[in-house]
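Note sheet for the following structure.
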Amino acid sequence: MEIYTQLINQFSNLPHLKEWKEVQSLFQRVASSKPAHWLLPVRVCESVGGSQAQALPAMLAVALGHISIVLVDDMLDADERGEYRKLGEPAVANMAVALQSAALHVVMNRPAGFLEKSDSVSQACGTLAVEAVNEMFFATTIGQYWDVNSIIKDEEDYWKIAKAKSSPFFSTTLQLGALFGGANQAIALQIKELGNIYGEMVQIHDDVHDTLENSATPDWDANRAPLPILFASTVEHPKRNRFNELRPYARSNSQALEEAQEILIQCAGISFCIYELLERYKIVKEKIAEIKIERRDVLEKIFDDIVSPVHKLFKEIDSPSHREASHRTAVEAS
């Protein structure tokens with residue numbers, strides 16, 4: 001049976017949620033799009049010698065956590081596509097809390113991967129998995145709060161928020177995959193650290209994508225500062241003043257958006273993001289080489305996939321339609 005179908009089946013039998021039609025419908029709708037992030041614990045589980053079946057509870061916990069975080073994030077961002085637009089903020093806030101509780105419920109039930117160990121080792125890994133999921137929600141809340149209530153003035157502010165908002169989810173996602181695959185605690189913590197870096201890479205990736213969208217996203221608002229916009233608005237370059245003049249009109253005027261996006265490319269704002277992405281990729285490759293696991297290639301591919309669009313971007317930049325190609329590749333890369 002296809003893994004997303006298995007996931008839906010497991011979700012449909014969770015206590016309390018199985019009788020909640022709106023939550024069931026939401027989960028099935030999101031699962032039908034087969035989010036790539038949900039597969040991360042499966043791939044990590046396989047890299048340490050585990051099976052897909054062992055990883056399924058970890059995948060379900062990650063899926064539950066992902067949806068709950070997005071539900072809250074959409075409300076904080078006043079995203080017009082958010083579920084709260086249809087069901088209302090009170091109902092969606094309650095859903096988010098329920099999904100977080102369900103994620104903890106899933107990891108508290110001893111998964112198949114732990115049963116092959118001694119009781120003491122199994123219990124220790126199970127406790128670590130529960131603590132990891134709880135810490136993910138705990139840390140993400142402050143990251144989300146800072147994201148909407150802080151003014152980002154420089155790169156230090158940016159990374160403080162990015163690491164708090166994005167890294168906890170991905171570090172936990174990779175750590176769970178390792179634990180459910182039977183890895184010991186030391187290896188699981190090494191892989192968790194890779195997840196922290198992966199979260200930063202995803203944040204950079206998303207920032208480039210969102211700022212180059214054909215329709216202006218909330219990232220162009222005055223109180224937001226994704227990395228390319230932060231670079232263009234604060235670093236000394238010939239068109240900095242013009243960029244800052246255009247930015248307030250980017251969401252309401254397509255010509256202002258287009259000119260501002262052109263400046264992002266010309267001032268090296270996008271190039272800077274690519275540099276930051278590749279620097280983290282180099283660090284990750286070195287760290288993976290130090291981890292003693294059965295299939296490093298599977299773990300490496302997780303990070304190869306997130307930088308592969310960069311190589312496409314380099315090729316496109318050399319073409320005559322430089323800006324259009326850069327635009328298209330960055331958007332498609334997400």
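Just so you know, all these numbers are worked out from the coordinates, no wet-lab data involved. A quick note: this is a predicted structure, and the numbers were derived from the prediction, not measured. Cβ coordinates were reconstructed from backbone atoms using ideal geometry, including for glycine residues, and neighbour counts include every protein chain displayed.
Some observations on this one:
- Between the helical axis of 155-165 and the longest alpha-carbon principal axis of the chain there is an angle of about 30 degrees.
- Set 285/312; 192/285; 160/239 screened for pairs whose C-alpha atoms are more than 18 Å apart: 285/312; 160/239
- The angle between the Cα long axis of helix 185-211 and the main principal axis of the chain comes to about 30°, on a 0 to 90 degree scale.
- Principal semi-axes in Å for the range 1-111 [√(5λ), Cα gyration tensor, largest first]: 25, 15, 12
- Principal-axis tilt of helix 322-332 within the chain, Cα atoms, nearest 10 degrees: 20 degrees
- Over the C-alpha atoms of the chain, the Rg to Rh ratio, Rh being the Kirkwood estimate, stands at 0.99.
- Whole-angstrom gap from the range 4-59 to the range 206-223, using each part's C-alpha centre: 30 Å
- Computed 3J(HN,Hα) for the range 25-32, one whole-Hz value per residue from the Karplus formula 6.51 cos²θ - 1.76 cosθ + 1.60 where θ = phi - 60°, is 5, 4, 4, 5, 5, 5, 5, 5, glycine and proline marked x.
- Take each peptide in 160-168, 294-302, count the other Cβ atoms within 10 Å of every residue, and average; sorted highest first, the result is 160-168, 294-302.
- Per-residue 3J(HN,Hα) values for the range 126-131, derived from phi via the Karplus relation 6.51 cos²θ - 1.76 cosθ + 1.60 with θ = phi - 60°, read x, 5, 5, 5, 5, 4 Hz in sequence order (x marks Gly and Pro).
- The chain: calculated mean residue ellipticity at 222 nm from DSSP helix runs of at least 4, using -39500 (n - 2.57): -24000 deg cm²/dmol
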